[in-house]
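Visitor: One structure, as structure tokens, below. Some questions next.
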Amino acid sequence: MADYLQQLQSLYGLTTAAAAPAAAASTSTKPPKVLDTRPKEQYLHQRLSQSVNIQLHGLTSSCYLLPDKSQPFAVVVPSSSTYTVTQEPSQHGKVLDSGATVVFLKGTTSLQEFLISRGWAAASFLQDCPQLWQAAGQLQLLEQQPADLLQLSRRCLFAPLQLLEEEVGKIETALTALRVRPQQQHTQQQHTQDRQQQQQQQVEADISLQNGSCCVSNSLSDSGKQAGAAAAQVRLRALDVGCGSGRDVAWLASRQHLVQVSSSSSSSSSSSRDVDIQAAGGSQSNLTQQQQQQPAVDVRWHVTGVDEWLGALERAADLAAAMQLSEQQVQLVLGSICPQSGRMQLQRLPAKSRLHAAQHVSVLHAGSPAAAAAEANGPQPAAPAQPSPAAATPAAVPHAAASSISFTAQRYDLILCVRFLERSLLPQLRAMLLPGGFIVYCTFVDGPGLRAFGRPSGPEHVLQPGELAALFGPGQGFKVLRDEVALSADGRELSWFVAQLSTD
């Protein structure tokens with residue numbers, strides 16, 4: 001057991017067993033990456049803190065869910081009584097008389113060999129055995145039961161775009177301030193009336209006391225109570241052009257954030273904590289008394305992902321299903337951008353595509369009912385996405401209705417482009433943003449590292465320095481918030497660009 005104690009202490013940043021509880025708590029904001037490849041029922045019964053379950057028999061088709069190959073992670077390896085590796089692909093998934101499931105890992109004889117030979121930084125392998133769980137229990141690294149299935153399903157080994165992860169809280173705060181300002185002004189007027197009412201009641205109370213009466217009313221107006229207590233909900237819309245396997249789409253759609261809005265001004269500040277989806281409307285004990293008197297805004301996203309590669313969208317749909325998202329949160333569009341006009345060209349979905357049966361996303365493609373309705377009647381506005389009953393609030397903030405037929409006919413709070421460049425689309429992005437909306441762009445930019453690497457080589461796929469700032473700068477009604485050059489893990493230059501459209 002000593003070896004497992006040492007490995008777990010290193011993995012979770014623990015120095016001694018006695019320091020485990022405090023250290024484990026300190027890692028909760030940035031947990032280590034732990035892949036658990038055991039069967040789901042074993043994972044739910046007993047698991048390491050913050051681990052993510054991808055069952056071994058489905059790993060080869062789920063490699064896009066693993067961390068970037070530069071990021072180290074640990075692996076919980078199932079026992080030989082659970083899985084056995086074969087070199088014969090036709091045997092994959094077969095259950096032996098012993099109860100073990102046969103797994104085909106192409107060209108390899110073990111999970112370790114499979115991951116390492118394909119370039120993943122699997123730093124340690126923890127064999128499923130009683131000693132492992134005894135060590136984890138001693139270090140207090142076993143998660144409490146019962147399991148929160150929704151929370152577990154939304155854990156990710158992969159990370160979203162770093163630029164998006166760094167900026168999304170600021171974006172949500174700024175957009176929330178814009179969306180709640182009209183209601184906020186009404187609330188402020190009501191607070192003024194309530195203060196005047198209280199002052200009048202105090203005068204009447206003083207007079208009553210002088211006359212020997214002790215009956216004093218301190219009630220506020222009903223509308224004032226509701227305005228102070230109601231928590232608003234804002235649904236923001238994002239577009240991810242060239243979404244690939246949908247990792248940023250799923251991450252953003254699953255995100256839920258509480259923002260505290262000042263009732264005395266139009267500014268807002270983040271509560272600095274993400275909340276689990278089942279915790280909406282829960283305890284606010286960690287907020288100051290002043291913040292508790294301010295309306296909490298529940299921020300959620302509806303994300304549209306566009307890509308021309310069918311396989312990528314099928315993976316995105318699988319990811320949305322695994323994370324238990326819904327079509328009110330994710331829309332996938334099979335289409336390409338015309339290089340001449342910059343317009344969306346929907347593609348037809350093959351009859352055998354599993355997107356036809358997708359239940360956790362809405363799918364737009366040539367020949368779909370939504371596309372047929374658009375051809376017959378033109379784009380029709382869709383009803384705003386409805387929140388789940390558990391998250392519904394009595395004072396939902398209205399959001400601009402948008403078309404669900406064509407993404408170019410819809411306006412968004414955020415447009416995201418990651419390693420995608422089609423210059424004919426760039427002039428249209430401004431018209432696709434709502435006032436105060438944001439553009440987050442990250443793709444290759446010309447530089448010595450990119451030229452040395454050799455790909456992408458064509459100028460049509462590579463930005464020039466300053467190109468985005470010229471298109472989305474002050475002269476075009478934008479405020480540039482970030483315009484930097486970062487390096488990818490392989491040394492290629494990437495443009496990190498964030499700009500906000502003015503509200504005028």
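Visitor: How do VAL445, VAL418, VAL333 line up, fewest other C-beta atoms within 10 Å first? Don't skip to the answer; put the middle values down first.
Guide: Values: VAL445 23, VAL418 20, VAL333 26.
Going from sparsest to densest Cβ surroundings: VAL418, VAL445, VAL333.
Visitor: Shifting gears a bit: Rounded to the nearest 0.05, what FRET efficiency is calculated for GLN345 and ASP97 with R0 set to 60 Å and r the Cβ-Cβ distance? Show your work: numbers first, answer last.
Guide: Numbers: r = 54 Å, r/R0 = 0.89.
It comes to 0.65.
Visitor: For THR84, what residues show an amide H to amide H distance below 5 Å, using hydrogens built from the backbone and excluding near sequence neighbours?
Guide: HN-HN under 5 Å from THR84: THR101, VAL102, VAL103.
Visitor: Let me ask something else about it. Quote the FRET efficiency, to the nearest 0.05, computed for GLN6 versus HIS461 with a Förster distance R0 of 35 Å and r equal to the Cβ-Cβ distance.
Guide: Working: r = 47 Å, r/R0 = 1.35.
According to the calculation, E is roughly 0.15.
Visitor: List the residues, sorted by chain then number, that are 5 or more residues from LEU239 or on another chain and whose placed amide H is less than 5 Å from its amide H.
Guide: Amide H neighbours of LEU239: THR304, LEU414, ILE415, LEU416.
Visitor: Could you compute the FRET efficiency for GLN134 and LYS170, with r as their C-beta to C-beta distance and R0 at 45 Å, rounded to 0.05?
Guide: Working: r = 45 Å, r/R0 = 0.99.
According to the calculation, E is roughly 0.50.
Visitor: With label points built 7 Å along Cα→Cβ from the Cα atoms of LEU310 and THR503, find their separation and express it in nm.
Guide: Taking the simple label geometry, LEU310 and THR503 are separated by 4.6 nm.
Visitor: Report, by chain and number, residues whose modeled amide H sits under 5 Å from the one on ARG411, excluding near sequence neighbours (fewer than 5 apart, same chain).
Guide: Placed amide hydrogens put SER403 under 5 Å from ARG411.
Visitor: Here is a follow-up. For labels at ALA452 and SER488 in the simple 7 Å Cα→Cβ model, what's the distance in nm?
Guide: 1.5 nm
Visitor: From the backbone phi of the range 459-470, what are the Karplus-calculated ³J(HN,Hα) couplings (6.51 cos²θ - 1.76 cosθ + 1.60, θ = phi - 60°) in whole Hz, Gly and Pro given as x?
Guide: For the range 459-470, the Karplus-derived couplings read x, 5, 10, 10, 6, 9, x, x, 5, 5, 5, 6 Hz, x marking Gly and Pro.
Visitor: Mind jotting down a quarter of the surface of the convex hull over the alpha carbons of the range 47-173, in square nanometres, one decimal? Each step should come with its number before you reach the end.
Guide: Numbers: hull surface 41.1 nm².
So the mean shadow area of the Cα hull is 10.3 nm².
Visitor: Find the centroid of the Cα atoms in the range 292-368 and in the range 43-72, then give the distance between the two in whole Å.
Guide: For the range 292-368 versus the range 43-72, the Cα centre distance is 24 Å.
Visitor: With just the Cα atoms defining each centre, how far is the range 424-451 from the range 466-504? Give it in Å.
Guide: 7 Å
Read the figures in this text as sums done on the coordinates, not as results from a lab. Predicted, not measured: the structure shown is a model, and the values here were computed from it. Cβ coordinates were reconstructed from backbone atoms using ideal geometry, including for glycine residues, and neighbour counts include every protein chain displayed.
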